[in-house]
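**Q** Handing you this structure, nothing more for now.
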Amino acid sequence: MPPPVFRFAPSPNGFLHLGHARSALLNFDLARQSGGRMLLRVEDIDAMRCRPEYEQAIYEDLAWLGISWEEPVRRQSEHLALYREAVERLSRDGLLYPAFESRTEIARMVEEKERSGAWPRDPDGAPFYPGIGRHLAEVERAQRLRAGAPYALRLDMAAAAARARTLTWTEQGAGPDGETGDVLARPEQWGDVILARKDTPTSYHLAVAIDDALQGVTHVVRGQDLFWATGVHRLLQELLGLPQPVYRHHALVLDDAGQKLSKSTRSTALRDLRASGATPAEVRRLVGINPS
């Protein structure tokens with residue numbers, strides 16, 4: 001029987017913080033304890049925010065923590081053609097449609113909808129896309145594409161869910177409300193999610209499903225903030241004929257206000273802790289993992 005395969009997959013759009021440390025250390029420890037493999041993947045699709053210095057800092061921070069990984073590191077930006085192929089397949093199956101509205105236009109449409117009552121929101125609190133593009137006449141759609149209008153390719157969730165059987169995943173950790181064991185996947189919670197854009201051949205949801213399959217990842221260990229997103233990943237695995245890993249979602253590291261740590265809010269970076277004299281053993285204690 002082949003050994004289990006774990007992975008840590010950060011985005012180089014900021015410096016790693018304690019939340020990343022917990023996830024990376026859990027993956028590394030579980031791989032080592034099970035005689036498995038530890039992979040590192042750099043999710044650098046966002047060309048506007050990802051920077052080489054952040055990527056280099058990832059390697060330095062992980063090495064400082066005592067984490068090692070197999071080479072070569074997979075960088076998503078080097079595999080764009082694979083994501084395009086998946087998008088083309090889903091398009092041929094009639095499961096994607098282009099939506100041409102800007103974020104401002106969508107916000108205005110949602111505001112109008114909410115004047116008439118509650119409008120559905122996804123588990124992250126973002127409002128559903130109103131679905132205008134799904135009903136656009138084919139002639140007008142073709143005209144806008146020929147004119148070079150910007151667009152997002154969205155998954156027709158109703159059509160996709162109709163093609164898939166009832167989906168579950170094996171949860172070895174726990175969800176926000178203690179969900180564990182066989183968990184019912186509910187991708188419809190997310191509405192018509194974006195899978196690609198005109199100038200970006202993939203989204204996080206699509207890339208992570210494809211990469212985990214191609215890298216042979218058997219165990220996905222990540223934060224509880226991604227627990228319900230697993231429903232979308234299970235749906236994409238089903239639509240694309242990809243294997244499903246086992247999942248283990250762990251509790252997040254929270255700040256003093258009870259909020260999850262974030263690069264965007266400049267949560268204390270591991271490099272700053274290192275500069276202040278902290279040790280890897282102290283970081284382990286801070287994130288609730290016993291020193292190895």
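The values are calculated or read from the model by the stated rules, or taken from the named source; none is laboratory data. From a predicted model like this one, the values you see are computed outputs, not experimental measurements. Quick reminder, even Gly has a Cβ in these numbers, built from the backbone with ideal geometry, and neighbours come from all protein chains shown.
**Q** Which of the residues belonging to region 124-148 are under 15 Å from residue 194 (Cα atoms) and either among the acidic types (Asp, Glu) or touching a residue at least 24 places away in the same chain (Cβ under 8 Å) (or both)?
**A** 124, 128, 129, 130, 131, 132, 133, 134
**Q** For residues that are assigned to a helix (DSSP H, G or I), in contact with a helix residue (DSSP H, G or I) (Cβ under 9 Å, 6 or more places away or on another chain) and β-branched (Val, Ile, Thr), tally how many sit in region 72-123.
**A** So the count comes out to 1.
**Q** Which residues, counting only those in region 15-46, are assigned to a helix (DSSP H, G or I) and either more than 22 Å from residue 173 (Cα to Cα) or of a type in the set (Phe, Trp, Tyr) (or both)?
**A** Once the filter is applied, which keeps residues that are assigned to a helix (DSSP H, G or I) and either more than 22 Å from residue 173 (Cα to Cα) or of a type in the set (Phe, Trp, Tyr) (or both), region 15-46 yields only 28.
**Q** Can you give me the number of residues within region 149-180 that are in contact with a helix residue (DSSP H, G or I) (Cβ under 9 Å, 6 or more places away or on another chain), in a loop (DSSP other than H, G, I, E, B) and either of a type in the set (Phe, Trp, Tyr) or touching a residue at least 60 places away in the same chain (Cβ under 8 Å) (or both)?
**A** Number of matching residues: 8.
**Q** Still on this structure: Which condition breaks for residue 54 when tested against (1) of a type outside the set (S, T, N, Q); (2) in contact with a Gly (Cβ under 8 Å, 6 or more places away or on another chain); (3) crowded, with 21+ Cβ neighbours inside 10 Å; (4) not in a strand (DSSP E or B)?
**A** (3)
**Q** Kindly indicate whether residue 225 is modelled with pLDDT of 95 or more and either surrounded by fewer than 21 Cβ atoms within 10 Å (Cβ to Cβ) or closer than 24 Å to residue 13 by Cα (or both).
**A** It is true that residue 225 is modelled with pLDDT of 95 or more and either surrounded by fewer than 21 Cβ atoms within 10 Å (Cβ to Cβ) or closer than 24 Å to residue 13 by Cα (or both).
**Q** Let me ask something else. Which pairs have Cβ atoms under 8 Å, sit 6 or more apart or on different chains, and link a residue in region 59-71 that is closer than 20 Å to residue 35 by Cβ to one that is at pLDDT below 95 and in a loop (DSSP other than H, G, I, E, B)?
**A** Listed pairs, sorted by first residue: 66/292.
**Q** When you go through 86, 107, 47 one by one, which is the residue that is loosely packed, with under 14 Cβ neighbours inside 10 Å, more than 24 Å from residue 3 (Cβ to Cβ) and under 19 Å from the mean Cα position of the chain (by Cα)?
**A** Answer to the selection: 47.
**Q** Something else: I'd like the full set of residues that are under 15 Å from the mean Cα position of the chain (by Cα) and either in a loop (DSSP other than H, G, I, E, B) or more than 21 Å from residue 31 (Cα to Cα) (or both), limited to region 1-14.
**A** 9, 10, 11, 12, 13
**Q** Could you list, in sequence order, the residues of region 131-148 that are assigned to a helix (DSSP H, G or I), of a type outside the set (Gly, Ala, Ser) and over 30 Å from residue 244 (Cβ atoms)?
**A** Scanning region 131-148 gives 135, 138, 139, 140, 141, 143, 144, 145, 146.
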